[in-house]
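Visitor: This is the structure I want to talk about, given as structure tokens.
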Amino acid sequence: MDGLLVNGALHWFYCVGYILAFDLSSEEFRMMPCPYLEGRRDYDLWVLNGCICLVSYFFAHDHRRCAYIS
């Protein structure tokens, strides 16, 4: 799985509830907690305006696919 490059670090989902980041200049790893996922299973990391964000997918009552961004 490819990492996302944001602010000089690569980011991946590490395990449930955490994002793993590898800082390319210091060559150090760090873990960051994810926002609460509200029991959702379909989610991904995106870059939005230079910031990393967590996008959770769900289906609305009219069967449209929607996204929740944290």
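The values are calculated or read from the model by the stated rules, or taken from the named source; none is laboratory data. Quantities reported herein were computed from a predicted structural model and do not represent experimental measurements. Every residue, glycine as well, gets a Cβ built from its backbone with ideal geometry; the counts of neighbours run over all protein chains shown.
Visitor: Residues C53, C15: which one is modelled with pLDDT under 85 and either of a type in the set (K, R) or surrounded by 10 or more Cβ atoms within 10 Å (Cβ to Cβ) (or both)? Spell out how you get there, then give the answer.
Guide: On the way: C15 fails: either of a type in the set (K, R) or surrounded by 10 or more Cβ atoms within 10 Å (Cβ to Cβ) (or both).
When all the criteria are applied, what remains is C53.
Visitor: State all residues of region 6-18 that are part of a strand (DSSP E or B) and without any contact (Cβ under 8 Å) to a residue 24 or more places away in the chain; if no residue qualifies, say none. If you could, list the steps in order and put the result at the bottom.
Guide: First, pick out the residues of region 6-18 that are part of a strand (DSSP E or B): 6, 9-15, 18.
Matches in region 6-18: A9, L10, Y14, C15, Y18.
Visitor: Assuming A60 fulfils every condition listed in (1) surrounded by 12 or more Cβ atoms within 10 Å (Cβ to Cβ); (2) touching a strand residue (DSSP E or B) at 6+ places or on another chain (Cβ under 6 Å); (3) modelled with pLDDT under 85 apart from one, which condition is it?
Guide: (1)
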